[in-house]
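Worksheet: one structure, shown below.
The values are calculated or read from the model by the stated rules, or taken from the named source; none is laboratory data. Because the structure is a prediction, the values reported are computed rather than measured. A quick note on method: Cβ atoms are made from the backbone with ideal geometry, for glycine too, and the neighbour counts reach across all protein chains shown. Note: accessible area is taken over every heavy atom of the protein model, side chains too, but ligands, DNA and RNA are not part of it. Shrake-Rupley method; radii C 1.70, N 1.55, O 1.52, S 1.80 Å.
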Amino acid sequence: QVQLVESGGGLVQPGGSLRLSCAASGRPFSSYIMGWYRQAPGTQRERIAYITAIGSSSYADSVKGRFTMSRDTAKNTLYLQMNSLKPEDTAVYFCNGFDSSGGMFSNWGQGTQVTVSS
(Lines give C-alpha, C1' and ligand atoms only; values in the text may rest on other atoms or scores of the structure.)
Protein backbone atom coordinates (compact mmCIF):
# COMPACT_ATOMS: atom_id res chain seq x y z
CA GLN A 1 0.00 0.00 0.00
CA VAL A 2 1.45 3.35 -1.05
CA GLN A 3 0.97 5.74 1.81
CA LEU A 4 2.14 9.00 3.31
CA VAL A 5 1.75 9.66 7.02
CA GLU A 6 2.45 13.12 8.38
CA SER A 7 3.18 13.71 12.05
CA GLY A 8 4.71 16.19 14.45
CA GLY A 9 2.15 18.95 14.39
CA GLY A 10 0.70 20.60 17.44
CA LEU A 11 0.06 23.84 19.24
CA VAL A 12 2.98 26.23 19.54
CA GLN A 13 3.39 29.87 20.54
CA PRO A 14 4.53 32.46 18.02
CA GLY A 15 8.28 32.31 17.64
CA GLY A 16 8.37 28.65 18.54
CA SER A 17 9.52 25.66 16.54
CA LEU A 18 8.16 22.35 15.35
CA ARG A 19 9.60 19.50 13.34
CA LEU A 20 7.25 17.63 11.06
CA SER A 21 7.86 14.17 9.69
CA CYS A 22 6.45 12.43 6.64
CA ALA A 23 6.80 8.67 6.53
CA ALA A 24 6.48 7.29 3.02
CA SER A 25 5.76 3.64 2.39
CA GLY A 26 4.92 1.34 -0.46
CA ARG A 27 7.52 2.72 -2.84
CA PRO A 28 10.74 4.71 -2.55
CA PHE A 29 10.46 8.44 -3.07
CA SER A 30 13.78 8.69 -4.89
CA SER A 31 12.02 8.99 -8.27
CA TYR A 32 9.78 11.82 -7.12
CA ILE A 33 10.11 15.49 -6.38
CA MET A 34 8.87 15.46 -2.82
CA GLY A 35 7.31 18.48 -1.23
CA TRP A 36 5.52 19.92 1.75
CA TYR A 37 2.18 21.59 1.36
CA ARG A 38 -0.20 23.35 3.67
CA GLN A 39 -3.82 24.36 3.64
CA ALA A 40 -5.40 26.87 5.96
CA PRO A 41 -9.18 27.02 6.41
CA GLY A 42 -10.85 28.61 3.42
CA THR A 43 -7.69 28.54 1.30
CA GLN A 44 -6.26 26.37 -1.43
CA ARG A 45 -3.49 23.91 -0.77
CA GLU A 46 -0.14 25.63 -1.15
CA ARG A 47 3.26 24.09 -1.80
CA ILE A 48 5.74 25.62 0.59
CA ALA A 49 8.85 23.50 -0.02
CA TYR A 50 10.21 20.78 -2.26
CA ILE A 51 13.38 18.78 -2.71
CA THR A 52 14.78 17.49 -5.99
CA ALA A 53 16.40 14.18 -6.87
CA ILE A 54 19.83 15.70 -6.30
CA GLY A 55 18.82 16.97 -2.89
CA SER A 56 18.43 20.67 -3.54
CA SER A 57 15.52 22.30 -1.77
CA SER A 58 13.40 25.31 -2.61
CA TYR A 59 10.93 27.30 -0.55
CA ALA A 60 8.01 29.59 -0.95
CA ASP A 61 8.71 33.19 -0.03
CA SER A 62 6.32 32.92 2.89
CA VAL A 63 8.53 30.37 4.67
CA LYS A 64 11.98 31.03 3.24
CA GLY A 65 14.57 31.53 5.93
CA ARG A 66 12.36 29.98 8.59
CA PHE A 67 11.60 26.47 7.33
CA THR A 68 14.07 23.81 6.24
CA MET A 69 13.15 20.64 4.37
CA SER A 70 15.28 17.52 4.50
CA ARG A 71 15.05 13.83 3.74
CA ASP A 72 16.39 10.53 4.94
CA THR A 73 16.37 8.20 1.96
CA ALA A 74 17.25 5.15 4.05
CA LYS A 75 14.14 5.72 6.14
CA ASN A 76 12.08 6.98 3.19
CA THR A 77 11.14 9.90 5.40
CA LEU A 78 10.85 13.63 4.86
CA TYR A 79 11.21 16.33 7.48
CA LEU A 80 10.24 19.93 7.80
CA GLN A 81 11.95 21.98 10.48
CA MET A 82 9.85 25.03 11.20
CA ASN A 83 11.35 27.88 13.20
CA SER A 84 10.14 31.36 14.09
CA LEU A 85 6.57 30.26 13.63
CA LYS A 86 3.90 32.86 13.01
CA PRO A 87 0.12 32.72 13.44
CA GLU A 88 -0.23 32.76 9.66
CA ASP A 89 1.59 29.42 9.55
CA THR A 90 -1.48 27.83 11.10
CA ALA A 91 -2.66 25.16 8.68
CA VAL A 92 -2.87 21.46 8.00
CA TYR A 93 0.47 20.33 6.61
CA PHE A 94 0.77 17.59 3.99
CA CYS A 95 3.54 15.89 2.08
CA ASN A 96 3.43 14.42 -1.40
CA GLY A 97 5.50 14.07 -4.54
CA PHE A 98 5.34 14.09 -8.31
CA ASP A 99 7.36 12.16 -10.86
CA SER A 100 8.63 13.35 -14.22
CA SER A 101 5.33 12.42 -15.85
CA GLY A 102 3.25 14.30 -13.33
CA GLY A 103 2.18 11.23 -11.41
CA MET A 104 1.60 11.58 -7.70
CA PHE A 105 3.51 9.59 -5.14
CA SER A 106 0.32 8.86 -3.26
CA ASN A 107 -3.15 10.06 -2.57
CA TRP A 108 -3.20 12.91 -0.09
CA GLY A 109 -2.94 11.80 3.49
CA GLN A 110 -4.73 13.26 6.47
CA GLY A 111 -1.99 15.78 7.18
CA THR A 112 -0.91 17.11 10.53
CA GLN A 113 -2.36 20.21 12.17
CA VAL A 114 -0.06 23.06 13.10
CA THR A 115 -1.56 25.81 15.22
CA VAL A 116 0.47 28.88 16.11
CA SER A 117 -1.25 30.90 18.78
CA SER A 118 -0.68 32.60 22.11
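Determine whether residue 98 is open to solvent by less than 40 Å² (accessible area, probe 1.4 Å) and of a type outside the set (Val, Ile, Thr). Don't jump to the end; show me each part of the working.
On the way: open to solvent by less than 40 Å² (accessible area, probe 1.4 Å): no; of a type outside the set (Val, Ile, Thr): yes.
The answer is no for residue 98.
Listed here are the residues, each with its yes/no results for (1) open to solvent by 70 Å² or more (accessible area, probe 1.4 Å); (2) modelled with pLDDT under 95.
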residue: 23; (1), (2): no, no
residue: 38; (1), (2): no, no
residue: 53; (1), (2): yes, yes
residue: 61; (1), (2): yes, no
residue: 64; (1), (2): yes, no
residue: 70; (1), (2): no, no
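Among the residues making up segment 47-81, those that are assigned to a loop (DSSP other than H, G, I, E, B) and not small (Gly, Ala, Ser) are 52, 54, 61, 63, 64, 66, 73, 75, 76. The condition (being open to solvent by less than 40 Å² (accessible area, probe 1.4 Å) and closer than 22 Å to residue 1 by Cβ) is satisfied by just one residue among 109, 16: 109.
Take the conditions charged (D, E, K, R), in contact (Cβ under 8 Å) with a residue 12 or more places away in the chain and surrounded by fewer than 17 Cβ atoms within 10 Å (Cβ to Cβ) and apply them to residue 47. Does it pass?
Values: charged (D, E, K, R): yes; in contact (Cβ under 8 Å) with a residue 12 or more places away in the chain: yes; surrounded by fewer than 17 Cβ atoms within 10 Å (Cβ to Cβ): yes.
Taking the combined requirement at face value, the residue satisfies it.
One residue alone among 47, 38 is among the basic types (Lys, Arg) and under 17 Å from residue 115 (Cβ atoms), and that residue is 38.
Say whether the condition of being over 22 Å from residue 43 (Cβ atoms) and of a type in the set (Asp, Glu) is met by at least one residue in segment 66-82. Yes, there is a match, as at least one residue in segment 66-82 is over 22 Å from residue 43 (Cβ atoms) and of a type in the set (Asp, Glu).
Against the test of being outside any strand (DSSP E or B), at positive phi and either in contact with a helix residue (DSSP H, G or I) (Cβ under 7 Å, 6 or more places away or on another chain) or touching a residue at least 60 places away in the same chain (Cβ under 8 Å) (or both), the options 31, 84 yield a single qualifying residue, 84.
Mind listing whichever residues of segment 1-13 are exposed (fewer than 14 other Cβ atoms within 10 Å of the Cβ) and either free of Cβ contacts under 8 Å to residues at least 60 places away in the same chain or assigned to a loop (DSSP other than H, G, I, E, B) (or both)? 1, 2, 13, listed by residue number.
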